[in-house]
Amino acid sequence: MKDKKYLLFDLDGTLTDPFTGITRSVQHALKHYGIIENDLNLLTPFIGPPLIDSFRERYHFSEEQAKEAVCYYREYFVEKGWCENKVYPGIPELLKHLQEAGRKLYVATSKPTPFAEKILSHFNLSRYFERIEGSSLDHTKMRKAEVMQSLLAQAGITEKGEAIMVGDRKYDVIGAHEVSVECVGVLYGYGSREELISAGADYVVPSVEALSALFR
């Protein structure tokens with residue numbers, strides 16, 4: 001896939017595994033509504049989609065309740081959750097190789113930009129990326145397509161055929177296709193093969209090693 005010059009990466013479930021930080025943050029938020037979830041695995045669906053959507057769909061919160069829940073979520077996430085995270089094995093080496101090969105790397109995530117920047121800096125990954133684009137803290141830019149469209153515009157990427165998105169959930173695939181960009185679905189994150197294929201992923205790879213091979 002040497003024709004792809006611009007590589008856009010999702011963060012959660014693609015570059016890093018955010019399971020503990022995200023699920024504990026959701027657990028913290030739910031306690032404010034008298035909802036006790038002791039099994040963090042039940043909160044895994046919150047990894048990927050916009051938080052507001054997840055609170056509304058999973059717990060039938062109103063729009064205002066969901067926005068309030070996100071504020072409670074951030075109480076924990078800002079203090080502890082952001083660093084309860086780990087880089088997937090092989091990711092630093094992959095990014096280094098791609099950068100040295102002349103590819104332009106970017107991050108497009110539904111996580112708010114300041115949090116994404118902090119996480120990537122903490123793990124010494126920021127140096128590989130030309131730009132880190134996330135959602136806005138005020139909820140005016142939440143959808144993956146909105147994040148990607150902003151990134152493409154800010155980076156001056158007009159030849160969309162030279163760009164490709166890499167992500168682990170259907171939201172990455174759908175968002176990429178909405179802005180006319182192909183998408184690679186990865187199976188080492190939080191989406192299943194069925195989810196990614198149903199969403200129309202152009203490629204599906206099982207591992208970081210397979211992703212590296214795809215870009216050679």
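General observations
- Residue in segment 40-50 that is over 25 Å from SER192 (Cβ atoms), of a type in the set (Val, Ile, Thr), outside the structural domain of VAL186 (by TED's automatic domain parsing) and surrounded by fewer than 17 Cβ atoms within 10 Å (Cβ to Cβ) present: no
- Tally of residues being under 13 Å from the mean Cα position of the chain (by Cα) and not aromatic (Phe, Trp, Tyr) across segment 185-198: 4
- Flag if MET165 is touching a strand residue (DSSP E or B) at 6+ places or on another chain (Cβ under 6 Å), in the same structural domain as ASP202 (by TED's automatic domain parsing) and closer than 26 Å to MET1 by Cβ: yes
- Within segment 160-182, the set of residues being under 12 Å from the mean Cα position of the chain (by Cα) and part of a strand (DSSP E or B) comprises MET165, VAL166, GLY167.
- Some residue of segment 2-12 being farther than 29 Å from LYS160 by Cβ and surrounded by 15 or more Cβ atoms within 10 Å (Cβ to Cβ): no
- Any hit, segment 79-86, residues being exposed (fewer than 14 other Cβ atoms within 10 Å of the Cβ), without any contact (Cβ under 8 Å) to a residue 60 or more places away in the chain and closer than 29 Å to LEU152 by Cα: no
- Meets criteria (exposed (fewer than 14 other Cβ atoms within 10 Å of the Cβ) and assigned by TED's automatic domain parsing to the domain that holds ALA145) for GLU63: no
The values are calculated or read from the model by the stated rules, or taken from the named source; none is laboratory data. Predicted, not measured: the structure shown is a model, and the values here were computed from it. Every residue, glycine as well, gets a Cβ built from its backbone with ideal geometry; the counts of neighbours run over all protein chains shown.
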